[in-house]
Every structure is written in C-alpha cells, then in structure tokens.
Amino acid sequence: MKPVGVFDSGAGGLSIVAAIRTALPSLPISYYADTAYAPYGPRSDAEIVARTQACCARLLEQGVAALVVACNTATASAIDQVRQWAPVPVIGVEPGIKPAAACTRNGVVGVLATRATLASRRYRDLMLRVQQQAPQVRFLEHAARGWVELVEAGDLQSVHARTLVREAVAPLLAQGADTLVLGCTHFPFLRPAIEQVAQGVELVETGPAVARELQRRLPGPVAGEAPAQVIFEASGGTAQFTALAGVLLAVARNTGRAHDATRGATAGR
C-alpha cells in the first residue's frame, strides 16, 4: 500500500496524523516537517509558497498516493499552486468556522489562528461565505502569540504555556464566546491548557474531517486494523523531531475528541 504524504512547517500536522491513524490505522504515512524554516506564520507568501512546493515535491519523490497539507498557513498561501502540478489528490486544512457557526449556542465564536492565516485571502473568502450563510453569528478573531512555538518545544502545560493560553482565550470568553475554533493544526495539542481556562466551551478542530476527506479521495480502499508505520523526516533534524513526535502523538491519544469539524478540509484536485 502506498503511503500518504503529510506536510507541515513543524509538529502541528501531527494532530492530523493522529486523526488519520484513528480513522485509517493501516494506512502508512510519510511525514515531512520543515522545521528549519518554521514557523511559517511570520514569513511572506512567496517564502511559504516556495517552501510548501519544495516539501510536497520531496514527499512525491517517495511515491505517496495523496498529499495532505496539514498546515493552515501553507494551505492558505500555497495549496492552489501545489494543486496545479501535483499528480495526486491534494487535501488542505482550514479553520472550522462553518461547523462552529452551526454549533454555537449564543452566536459568538472565537477564532484562534496564526497571523498569516487570519490575514490570508483564502481565510477572508471563507469567512465571507460563512457570514453570508450565518449572519447572526459574531466571530472574534485572535492571533495566538507564541502557541506554535510552545508546541514545537513540547511545552504544553508549564506556567508559561498556561499564561500564553490564558492571555489569548480569556478576552474571547469575556466577549461571550461559547465556541472556540482551533485554527492552526498545532493548537489541538494545547487543548488541556485551553480547557482549564475555557471550561464548558466547545472546541472545534479539523483533524477528523481531513481524515474523512482523505479516505474519500484515496484511489483504493484502506483495509485492515493493524497500525501502519509513520516515517518522519525533518529539514531541521529528523532525530530530534521524531522524539518530539512520539511525545505529541501520545498526548493526542490521551486527549478527548474535539468537536467534529465536518467542513474543515479543503478538497480540490
């Protein structure tokens, strides 16, 4: 069975890997982390496009059956370009604002993402569509400072981590948000710290939707229950990244399931 290629600037895409392994345990995965250039959030669109294309090309050299761009920033900036030349299905991720609009009880939704995602044309177009469909919902956007770096360091529950989480989440709650969109694939790893601040608030992430879209787009069925291998490669050092991946995937196994963001994957070719 051919592997599926999963790419992210760093460790965030492991939240997507965890969802794929839950839905399709026998599917082998090749994961490429562009850690030498992470994080992507502060980089220009041109840099993000160049790095995304280079990393996807690296995965295609391994004969993958599909590509998952498991990075909201890379999806927003570069997925259209990748789809123009990649010979396999290319699946991206986007903040789950549509399912959040459907599940909010009081009509106030907080969106946590990187600065680059919130400023992207793709995100703004998505927000416009959702607001046209759900004009009664108010969206509060916040670029979560330092969250990507916390996950990359494996720092999920320190005093510093909890402080950064509280600084981002508390103002959204104070404005009435009863639903929070985790609009970066790194952010689900901070779910326990978020829940300590936002008790009873619905958290929306996109991993399960991406896994379903991948299953739909694969050229053949994925049979079997035996766990398949995940192979890691990282531009900034594979051994160090593999150790971090082991820690984060263990966290994902022990973390409660987020709200199923059915519309959190981008299809395309």
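The values are calculated or read from the model by the stated rules, or taken from the named source; none is laboratory data. Not measured: the values here are computed from a predicted model. All Cβ positions, even for glycine, are placed from backbone atoms using ideal geometry, and neighbour counts span all protein chains on display.
If you go through the stretch 247-269 one residue at a time, how many are at pLDDT 70 or above and surrounded by 12 or more Cβ atoms within 10 Å (Cβ to Cβ)?
Qualifying residue count, the stretch 247-269: 6.
So for the stretch 139-157 (the condition being among the acidic types (Asp, Glu), without any contact (Cβ under 8 Å) to a residue 12 or more places away in the chain and not assigned by TED's automatic domain parsing to the domain that holds VAL17), does at least one residue qualify?
Within the stretch 139-157, the first condition is being among the acidic types (Asp, Glu), and the residues that meet it are 141, 149, 152, 155.
Checking which are without any contact (Cβ under 8 Å) to a residue 12 or more places away in the chain leaves us with 155.
If we keep only those that are not assigned by TED's automatic domain parsing to the domain that holds VAL17 as well, we get 155.
The answer is yes; a qualifying residue exists.
With a cut-off of at least 3 residues that are under 25 Å from LEU59 (Cβ atoms), name the helices (runs of 4 or more DSSP H) lying wholly within the stretch 143-238.
Here the list reads 147-152, 207-217.
Tally up the residues in the stretch 88-132 that are on the phi > 0 side of the Ramachandran plot and of a type in the set (S, T, N, Q), please. Show your work before the answer.
First pass over the stretch 88-132, keeping only residues on the phi > 0 side of the Ramachandran plot: 107.
Right, trim to of a type in the set (S, T, N, Q) and you get none.
Number of matching residues: 0.
Among residues belonging to the stretch 89-115 that are among the aliphatic types (A, V, I, L, M) and free of Cβ contacts under 8 Å to residues at least 60 places away in the same chain, point out the one that is farthest from TYR40 (Cα to Cα).
Residue satisfying both the conditions and the ranking: ALA102.
Does LEU14 fit the bill of being within 18 Å of PRO208 (Cα to Cα) and either crowded, with 18+ Cβ neighbours inside 10 Å or not assigned by TED's automatic domain parsing to the domain that holds PHE189 (or both)?
Values: within 18 Å of PRO208 (Cα to Cα): yes; either crowded, with 18+ Cβ neighbours inside 10 Å or not assigned by TED's automatic domain parsing to the domain that holds PHE189 (or both): yes.
Spelling it out, LEU14 is indeed within 18 Å of PRO208 (Cα to Cα) and either crowded, with 18+ Cβ neighbours inside 10 Å or not assigned by TED's automatic domain parsing to the domain that holds PHE189 (or both).
Scan the stretch 76-117 residue by residue and report those that are over 19 Å from LEU173 (Cα atoms) and surrounded by 23 or more Cβ atoms within 10 Å (Cβ to Cβ). Break it down into steps so the answer makes sense when it comes.
Step one: filter the stretch 76-117 for residues over 19 Å from LEU173 (Cα atoms), giving 76-94, 98, 115-117.
The answer is ALA76, SER77, ALA78, ILE79, VAL82, VAL90, ILE91, GLY92, VAL93, GLU94, ALA116, THR117.
May I ask you to list pairs of residues, at least six apart or on different chains, whose Cβ atoms are under 8 Å apart, with the first in the stretch 161-179 being touching a residue at least 40 places away in the same chain (Cβ under 8 Å) and the second being among the hydroxyl-bearing types (Ser, Thr, Tyr)?
From residues that are touching a residue at least 40 places away in the same chain (Cβ under 8 Å), the pairs are ASP178/THR104; THR179/THR104.
Would you check which residues across the stretch 118-165 are surrounded by 18 or more Cβ atoms within 10 Å (Cβ to Cβ) and β-branched (Val, Ile, Thr) and list them?
VAL130, VAL137, VAL148, VAL151, VAL165
For ALA243, state whether it is assigned by TED's automatic domain parsing to the domain that holds CYS55, modelled with pLDDT under 95 and within 30 Å of GLN62 (Cβ to Cβ). Spell out the reasoning first.
Details: assigned by TED's automatic domain parsing to the domain that holds CYS55: yes; modelled with pLDDT under 95: no; within 30 Å of GLN62 (Cβ to Cβ): yes.
No: the conditions fail for ALA243.
Within the stretch 174-195, can one find any residue that is charged (D, E, K, R) and outside the structural domain of ALA113 (by TED's automatic domain parsing)? Spell out how you get there, then give the answer.
We begin by selecting, within the stretch 174-195, every residue charged (D, E, K, R); these are 178, 191, 195.
If we keep only those that are outside the structural domain of ALA113 (by TED's automatic domain parsing) too, we end up with none.
Within the stretch 174-195, not a single residue is charged (D, E, K, R) and outside the structural domain of ALA113 (by TED's automatic domain parsing).
Give the residue, chosen from VAL197, VAL230, that is crowded, with 19+ Cβ neighbours inside 10 Å and within 25 Å of ALA11 (Cα to Cα).
Numbers: VAL197 fails: crowded, with 19+ Cβ neighbours inside 10 Å.
The unique qualifying residue is VAL230.
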